[in-house]
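The structure appears below as structure tokens.
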Amino acid sequence: MIETQLSELAAATEARIAAVTTAEELEAIRVEVLGRKGRLAEVSKDMGKLSPEQRGVVGKLLNAAKQTLETALTARKTAFDEAALSARLEREWLDLTAPAAGAGLGSLHPLTQIQAEIEDLFVSLGFTVLDGPEVETEFNNFDALNIPPDHPARDMQDTFWLSNGHLLRTHTSPVQVRGMKKLGPPLRMIAPGRVFRNEEVDASHEHTFYQLEGMMVDKDVSVAHLIYFMKTLLSAIFKRDVTVRLRPGYFPFVEPGFELDIQCLICQGAGCPVCKQSGWVELLPCGLVHPNVLRLGGIDPEEYSGFAFGLGLTRLVMMRYAIDDIRQLQGGDLRFLTQFAF
Amino acid sequence: MKFSYNWLAEHIDGLTVPPAEIGKLITMKTAECEGVEAHGAHFEHVVVARVLTSEPIAGTHLAVTSVDTGRYGVKQVVCGAPNCRAGILTAYVPPGQLGVTTAKLRGVDSDGMLASAKELGISAEDEGIIEFAAGEPGAAIPGCTGDTIVEIDNKSLTHRPDLWGHHGMAREVAAIAGRPLKPIAVELPAGEPAVEIEIRDAKLCPRFSALRFENVTVQPSPLWLQQRLESVGLNPINNIVDVTNYLMAELAQPMHAYDAAKLQGGRIIVRVAEEGELCPALNGQTYTLDPGNLVIADAGGPVGIAGVIGGGPSAIGEGTTTILLEAANFHAASIRRASTKLKLRTDASMRFEKSQDPENTVRALARAKWLLEQVSPGIRLVGGLADVYYPLPAVAPISFDLVWMRRKLGKPDLTAAEVTAILTSLAFGVAEAEGRFTVTVPSWRATKDVSLKDDLVEEVGRMIGYGNLTPAPPLVPSVVPPLPPERTYLRGLRQLLTAQGYTEVYNYSFVNEAQAAELGLPIEDHVRVVNPIAQGQELLRTSLLPNIKRNINDNAREFESFRCFEIGREIHARGRELPEEIPHLAAVSFERHGDGAANLFELKRLAGTIAPGCTVEPAEARGFEHPNRAAIVILRNEAIGRLFEFHPSMVETGLAAVLDLDLTKVQALRTAAGKYQPLRRFPTSAFDVTVPVAERELAGNVLARLREGVGPLALDVRYLYDYKGDSGRSMSFRITLGAADRTLTGEEVTAVRSQVMSWMGL
Ligand SMILES: [Zn+2]
């Protein structure tokens, strides 16, 4: 009697499980049949009325039915879960080619980039980095650099004079003076920064540009050292072996003074329009620090000597990126500046 | 400064360096050559020609001529010169020279050209074709030859008074080429000075030398002299003036010739000008002088501005028959000051300001006498040299050791013989014993150029050739350089900004008055540029904002939205002291559309990344700020900057918010690295509080009030959201509680909650 009931229930439930269309219906069947108060539980409650022999038989049947139904339920449930997951995944299709929201990477000004790169190079060679004011005293900008008042060399640097009696520095060289006083010998320093010349602006002339002053003072610093150093440094900056040459150049704060040329990187010295067919490109002024300058920096020229040079950062940036209009650099045009986001 | 190869070669015995190479040699050893070009190559081909016939072409100013050119035969040439007529001797330029071609002019064939002195490059004379008094058709143009002109950058001659003349440059070339320089004679016949000279200030005028000549004929110079002057950029004027210019270009000694008949009294006085004294000059201008000018005066007043320009009334003219020829020396800095002040830079002042050699005056006069005798036949010297000379203190001989020279150059194999040979070739006097040198400096290098042993390093180094030094690594100690923290900080800040999408701009340090006024920046707080050459450079910026505003409007035309920043210095006047330069950050967030809130909160977020822990407090808006969107940014109770939206009237299109931070303050107030805090071991509890608030209540204020009332167990009070409904506005906050030594009980949490509710009056 009870056996029949049980097998009918099992068969009917199996059929219902096979027929369900939703996970909710399946759950309802589970609760109805296999739940704590479900129909199988009722059957097991009734088992108490049976004889021990019958109880053993029915118990086995009951367990078998339970197992069969649970297996069927689990199989259907897994099927429903998988279907639900794959439906969700399907729904979650995304167009990853659409643009990302929010701001992208900003860009550092190309002058900031080249300055940082060159600063790092110098720091790796034991140089400290100093800073000087944009507004300088006439003394630091000229006199301390061996350019007294009414010296014709003052004509080389058209100066912005200021209402407070001072001037906008025409070069980063005044930081030499500040550096010598601050650091004392021996010393290795660079001073990158903004400098000013009072001239008309056009595609190749600016009244505001960037220089990097460098100075090394030690015992026995020679011209041969300067040549070696500049060649090493410029090879690192241009990321290739460069050939340099020195020729006489007049700058009152160095003696002897040089113009340093590098062999044209475009034509390797064969001659091209960039180097005006000469094979050489004038790159920077340098020289051995004039004894008067050392003295004004509080350094004894009999004991120490040094070299100094001035690198045009603006010029390097223009060379590196082939910028043909210097005004772009301080024009604030983001169409130009955003090109330097690397 | 232009140098003629032929002229240089005349001063050197046996110069074999070809013209094409001379520029490079000078560049490598002496001064920068800016260009080398052929001058007068056509003189190989241009010939003297006789005009046989000249017939006007009807209806034109032209004439058709038949010309006997000798070398090229008889040619038909069309000529438009007013002086073209049969019988004259002129110059014929064959086709292929000076751009001349065989052409048809008004239907008439013309085979070549008859040329003016200007067309030939002899002088500026272009009134008609050149005429010769004598000559044979087919002969070369007398005195004119092809030459090579070497142009040297004036800047690289700043320190070399001697190189402002051909003789000085020839000395360099001779030394480079290893050839002897031909000396220039200094002899003059003895005689009583023909003029009395009085120098009132020997510092301003160390020397004044003069010669007087009579029986002078003023006429055009011979062609060779004209061509030579023309080739180096000087205009031929007349034989007398041309001689003075020739010697200036040869010996670097400016000279001046006066019409002696027009000088008053028998005495020349060199003195400072009186205030307001007038001097009519050669160029037709009358200059008003002051005691900053030195004048050459006669009994009647100034006859020239010393070292700058000669006077007009005593200038050489057609009727001149006696001349006074001056060769003087003046104090360089004074001449430079005077010429700057008069805004008159002349060939003379340019030379004098380089500190010319006083020894040179007599040499120039002696050479002038020799030359005048060639160009003004019959000229006679009257008396002897007038010469007042207050010699400058002599430059002491310079001593150095060979070892020192080797160390300076980095050339250990340098020999005493090499050093001696080089210095001697440059006219230094050299005494050497066992590597110890004593060097005397020639007068033309002693005025300013050479006074230290370091100056001799250059002389030796350049002549050896820097390319002949072996590059050597400097021996310096390995040290970790001390790096200023500000640089490191600013570099990190720039990285942080770009990583968050801000692009860096650089602006000028200048603003103009209108820009400053527009932002209400007091003009008097600015340092002013006293000599701006362009508009927009009057003031140094006391704020980055004027230029940032320009950046916004410029870029608003191109972009829907953008973020940018500048790190630059504000420059604040401090009287006569150097101004204070304060690094500032100005960051911009711009959107063409939207309500602007996103910009401001973006910048507020940015401020929090730059100055963690900063807060903002509403502030009274300045004129250019949105009246309801301006705030100060505060870090550790100190204002570090400002957050605002530009007033709509300041921005042509869109909405622009700005964060302006004083980076000196931000750096000073940043949290220093501190000790590690142990992590909390016991769980925390949290509850939310919703506070009804007034329409314009500030979240910051409510938050501050809550923080005051939450008690010691509160770990964090956080704003959640703002809600506006029918019943008004409310804000929700989450309060997190915890204790270091235990888990809080439900009762403790409830107690804090009730305490907060009653504190807030809820
Ligand atoms: Zn090239």
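The values are calculated or read from the model by the stated rules, or taken from the named source; none is laboratory data. All values reported here derive from a predicted model rather than from experimental measurement. Cβ atoms come from the backbone with ideal geometry, glycine included; neighbour counts cover every protein chain shown. Note: areas computed on protein heavy atoms with side chains; ligands, DNA, RNA excluded. Shrake-Rupley method; radii C 1.70, N 1.55, O 1.52, S 1.80 Å.
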### Task
Taking the options B:GLU617, B:GLU577, name whichever one is open to solvent by 40 Å² or more (accessible area, probe 1.4 Å), among the acidic types (Asp, Glu) and within 14 Å of chain A (Cβ to nearest Cβ).
B:GLU577
### Query
Considering region B:139-169 alone, what residues qualify as being open to solvent by less than 20 Å² (accessible area, probe 1.4 Å), more than 13 Å from chain A (Cβ to nearest Cβ) and small (Gly, Ala, Ser)?
B:GLY165, B:GLY168
### Subset tally (residues that are assigned to a helix (DSSP H, G or I) and at the interface with chain B (Cβ under 10 Å from one of its Cβ atoms)) for region A:146-181
5
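Assess whether B:GLU513 counts as being modelled with pLDDT of 95 or more and assigned by TED's automatic domain parsing to the domain that holds B:LEU661. So that I can check it myself, show each step before the final result.
On the way: modelled with pLDDT of 95 or more: no; assigned by TED's automatic domain parsing to the domain that holds B:LEU661: yes.
In short, no.
Within region B:24-43, can you find the residues that are away from chain A (no Cβ under 14 Å), open to solvent by 50 Å² or more (accessible area, probe 1.4 Å) and modelled with pLDDT of 90 or more?
Across region B:24-43, the qualifying residue is only B:ALA38.
Residue check: is A:LEU265 more than 12 Å from the ligand (Cβ to nearest atom), open to solvent by 20 Å² or more (accessible area, probe 1.4 Å) and more than 11 Å from every other protein chain (Cβ to nearest Cβ)?
For A:LEU265, the condition - more than 12 Å from the ligand (Cβ to nearest atom), open to solvent by 20 Å² or more (accessible area, probe 1.4 Å) and more than 11 Å from every other protein chain (Cβ to nearest Cβ) - is not met.
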### Task
Just need a number here: residues in region B:27-52 that are in contact with a helix residue (DSSP H, G or I) (Cβ under 7 Å, 6 or more places away or on another chain) and closer than 26 Å to B:GLY461 by Cβ.
6
#### Entry: Residues of region B:479-493 satisfying the condition of being open to solvent by less than 30 Å² (accessible area, probe 1.4 Å), part of a helix (DSSP H, G or I) and either hydrophobic (A, V, I, L, M, F, W, C) or at the interface with chain A (Cβ under 7 Å from one of its Cβ atoms) (or both)
B:LEU490, B:LEU493
### Filtered residues of region B:448-478 (kept if facing chain A (nearest Cβ under 7 Å), surrounded by 11 or more Cβ atoms within 10 Å (Cβ to Cβ) and not in a helix (DSSP H, G or I))
B:LEU452, B:LEU469, B:THR470, B:PRO471, B:ALA472, B:PRO474, B:VAL476
## Note on the structure
Screening A:LEU283, A:LEU294 for residues that are within 34 Å of the chain's Cα centre (by Cα) and either within 16 Å of the ligand (Cβ to nearest atom) or open to solvent by less than 10 Å² (accessible area, probe 1.4 Å) (or both) leaves only A:LEU283
### Check on B:GLU21, within 35 Å of the chain's Cα centre (by Cα) and surrounded by 14 or more Cβ atoms within 10 Å (Cβ to Cβ)
no
### Query
So which of B:ARG642, B:ARG622, B:ARG629 is surrounded by 13 or more Cβ atoms within 10 Å (Cβ to Cβ) and in a loop (DSSP other than H, G, I, E, B)?
B:ARG622
### Query
In the list A:PHE229, A:PHE251, which residue meets the criterion of being away from the ligand (no atom under 16 Å from the Cβ), within 12 Å of chain B (Cβ to nearest Cβ), open to solvent by 10 Å² or more (accessible area, probe 1.4 Å) and assigned to a helix (DSSP H, G or I)?
A:PHE229
### Task
Determine if region B:306-324 includes at least one residue that is assigned to a strand (DSSP E or B) and in contact with a helix residue (DSSP H, G or I) (Cβ under 6 Å, 6 or more places away or on another chain).
yes
### Message
I want to confirm something. Restricting to region B:500-522 and keeping residues that are out of contact with any Leu (no Cβ under 7 Å at 6 or more places or on another chain) and either surrounded by fewer than 14 Cβ atoms within 10 Å (Cβ to Cβ) or among the aromatic types (Phe, Trp, Tyr) (or both), which single residue is nearest to A:LEU111 (Cα to Cα)?
### Response
B:TYR508
### Message
Where the second residue is part of a strand (DSSP E or B) and of a type in the set (Ser, Thr, Tyr) and the first is assigned by TED's automatic domain parsing to the domain that holds A:THR314 and lies in region A:212-226, which pairs have Cβ atoms under 6 Å and are six or more apart or on separate chains?
### Response
A:VAL221/A:SER305
#### Entry: Filter result for the condition that a residue is assigned by TED's automatic domain parsing to the domain that holds A:PHE196 and within 16 Å of the ligand (Cβ to nearest atom), over A:GLY271, A:GLY310
A:GLY271
### Message
Looking at A:ARG245, A:ARG194, A:ARG240 in this structure, which one is in contact (Cβ under 8 Å) with a residue 24 or more places away in the chain, in the same structural domain as A:LEU121 (by TED's automatic domain parsing), assigned to a strand (DSSP E or B) and within 16 Å of the ligand (Cβ to nearest atom)?
### Response
A:ARG245
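Let's see how each residue does on (1) open to solvent by less than 20 Å² (accessible area, probe 1.4 Å); (2) of a type in the set (A, V, I, L, M); (3) within 18 Å of B:ARG212 (Cα to Cα):
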site: B:THR320; (1), (2), (3): yes, no, yes
site: B:ILE323; (1), (2), (3): yes, yes, yes
site: B:LEU342; (1), (2), (3): no, yes, no
site: B:GLU353; (1), (2), (3): yes, no, no
### Query
In region B:330-341, is there at least one residue being outside any loop (DSSP other than H, G, I, E, B), away from every other protein chain (no Cβ under 14 Å) and of a type in the set (Ser, Thr, Tyr)?
no
### Task
Kindly indicate the residue of region A:93-126 that is of a type in the set (Ser, Thr, Tyr) and without any contact (Cβ under 8 Å) to a residue 60 or more places away in the chain and also least open to solvent (accessible area, probe 1.4 Å) among those meeting that condition.
A:THR112
### From A:SER278, A:SER305, residue being within 16 Å of the ligand (Cβ to nearest atom) and either open to solvent by less than 20 Å² (accessible area, probe 1.4 Å) or free of Cβ contacts under 8 Å to residues at least 24 places away in the same chain (or both)
A:SER278
### Summary
For region B:534-567 the number of residues that are small (Gly, Ala, Ser) and either open to solvent by 30 Å² or more (accessible area, probe 1.4 Å) or within 7 Å of chain A (Cβ to nearest Cβ) (or both) is 2
### Summary
Of those in region A:97-129 that are assigned to a loop (DSSP other than H, G, I, E, B), more than 7 Å from chain B (Cβ to nearest Cβ) and not hydroxyl-bearing (Ser, Thr, Tyr), the residue nearest to A:HIS166 (Cα to Cα) is A:LEU125
### Query
Across region B:118-135, what is the total count of residues that are open to solvent by 10 Å² or more (accessible area, probe 1.4 Å) and either touching a helix residue (DSSP H, G or I) at 6+ places or on another chain (Cβ under 8 Å) or without any contact (Cβ under 8 Å) to a residue 24 or more places away in the chain (or both)?
6
### Query
Just checking, how many residues over region B:605-614 are surrounded by 14 or more Cβ atoms within 10 Å (Cβ to Cβ) and within 15 Å of B:PHE565 (Cβ to Cβ)?
4
#### Entry: Flag if B:LYS104 is surrounded by fewer than 20 Cβ atoms within 10 Å (Cβ to Cβ), part of a strand (DSSP E or B) and out of contact with any His (no Cβ under 7 Å at 6 or more places or on another chain)
yes
